[in-house]
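Data block below; observations after.
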Amino acid sequence: MAMTPTRPVPVQEFYSIGEVCALTDLKPHVLRYWESQFRFLHPAKNRSGNRVYKGREVELIMLVKHLLYTEKYTIEGARSKVDQYRRSGELRPTARRAFEAEMVSELRAAVDEIVGLLDGKAPPPASGSA
């Protein structure tokens, strides 16, 4: 029996600001503000003028989020830390690790919430219907 080769799963190359917000759990105004504070966060814009983020930029956003929210750096401190990673050649792997760590943290929180619901320890989320 001949086996057909498996195709690689397509990786999305570009993300809208809404998709980035969903991935990073950040509001659009936060992303726009960070663009003004971090020169390396400068997404391209499509013909309609909407922001278009590359996967690498999403990783950098997660690194900034990690530095600001988890490590408790100031914006200036986070800028300096990113510059330090860039000079040492560690920016890309560090951004990737920050992205993965944030995803794991979010998944862990979701699992904990589900376990709480199943154990009857947490109230169910409010439904949108009246």
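Evaluating residue 85 against the criteria (1) of a type in the set (Phe, Trp, Tyr); (2) under 25 Å from residue 12 (Cα atoms); (3) not in a loop (DSSP other than H, G, I, E, B) leaves one unmet condition, (2). Apart from one condition, residue 40 fits all of (1) surrounded by 11 or more Cβ atoms within 10 Å (Cβ to Cβ); (2) over 10 Å from the mean Cα position of the chain (by Cα); (3) modelled with pLDDT of 90 or more; the exception is (3).
For region 82-91, the criterion of a residue being of a type outside the set (Ser, Thr, Tyr) and either loosely packed, with under 12 Cβ neighbours inside 10 Å or on the phi > 0 side of the Ramachandran plot (or both) is satisfied by at least one position. Scanning region 40-80 for residues that are among the aliphatic types (A, V, I, L, M), touching a strand residue (DSSP E or B) at 6+ places or on another chain (Cβ under 8 Å), touching a residue at least 12 places away in the same chain (Cβ under 8 Å) and more than 12 Å from residue 24 (Cα to Cα) turns up just one, 52. Identify all residues within region 43-58 that are surrounded by fewer than 11 Cβ atoms within 10 Å (Cβ to Cβ) and of a type outside the set (S, T, N, Q); write none if there are none. Result: 45, 47, 49.
The conditions of being within 19 Å of residue 20 (Cβ to Cβ) and at pLDDT 90 or above are met by residue 62.
The values are calculated or read from the model by the stated rules, or taken from the named source; none is laboratory data. A quick note: this is a predicted structure, and the numbers were derived from the prediction, not measured. As a convention, Cβ positions derive from the backbone with ideal geometry for all residues, glycine included, and neighbour counts pool all protein chains shown.
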